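Please read the structure below before turning to the comments.
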């Protein structure tokens, strides 16, 4: 009796093409996923490497520069009554200190103010010269994002700015924002308004 042998059927050309396309699709998806993951981790690593937060300048150095090394004695204004209420309106919350120190000479006042960006305080030195902003400089930035506000291209916008409405204490100039640093921009703008308002208070008293 003859022995029957099974002959393995080879895949047709159509099936071969289908399998080839399937293999190519799987390979493409693997490359795509790998590329996306690589890009994501590269951006994260770059972001961490570009973190420029930190202490940039001591307050004492800023004061010395502002007053040409002849720093006057510090004074303070208490956060109470109308002053406290106005500062709360400017910041959108109560100021965290009971009083604010300032240095003044020849109608030039200097303020070292802290304001929260997203979660941590930004320390800013502000010079007010006869009711106008003379200089704004970020002395310390503690967030991981938004540190671009420390650069002159941003802070120079405040030079010469004053309060246009003493009731609302709004600036007479729109300050251009920075993509990804909105909270930091808002914090510095609020600090500028606060310094101008307080300068008006202390000079009016005199």
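Laboratory data are not the source of any read-out in this text; all were calculated from the coordinates shown. All figures in this text were calculated on a predicted structure; none of them were measured in a lab. Every residue, glycine as well, gets a Cβ built from its backbone with ideal geometry; the counts of neighbours run over all protein chains shown.
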Stretched fully, the stretch from residue 59 through residue 166 gains (0.36 nm per residue minus C-alpha distance, one decimal, in nm) 35.7 nm
GNM of the chain, Cα pairs under 10 angstrom: of 19, 157, 191, the biggest fluctuation goes to 19
Under the 7 Å Cα-to-Cβ spin-label approximation, residue 14 and residue 144 lie apart by a distance in nanometres of 5.6
Stretched fully, the stretch from residue 130 through residue 105 gains (0.36 nm per residue minus C-alpha distance, one decimal, in nm) 7.9 nm
The helix 13-49 Cα axis meets the longest alpha-carbon principal axis of the chain at an angle in degrees, between 0 and 90 and rounded to 10, of 20
Simple spin-label estimate for residue 120/residue 84, 7 Å along Cα→Cβ, in nm, reads 3.0
Expected max-MSF residue from 110, 61, 26 in the GNM of the chain (alpha carbon, under 10 Å) is 26
GNM on the chain, Cα springs under 10 Å; top mean-square fluctuation among 53, 109, 35 goes to 35
Relative contact order as a percentage, the range 54-205, C-alpha pairs under 8 Å and 6+ apart, gives 21
Everything considered on the Cα gyration tensor (a ≥ b ≥ c; rounded for a/c under 1.5, else prolate if a/b is larger than b/c, else oblate), the range 54-205 must be described as rounded
Between the Cα axis of helix 182-205 and the main Cα principal axis of the chain, the angle (0 to 90°, nearest 10) is 0
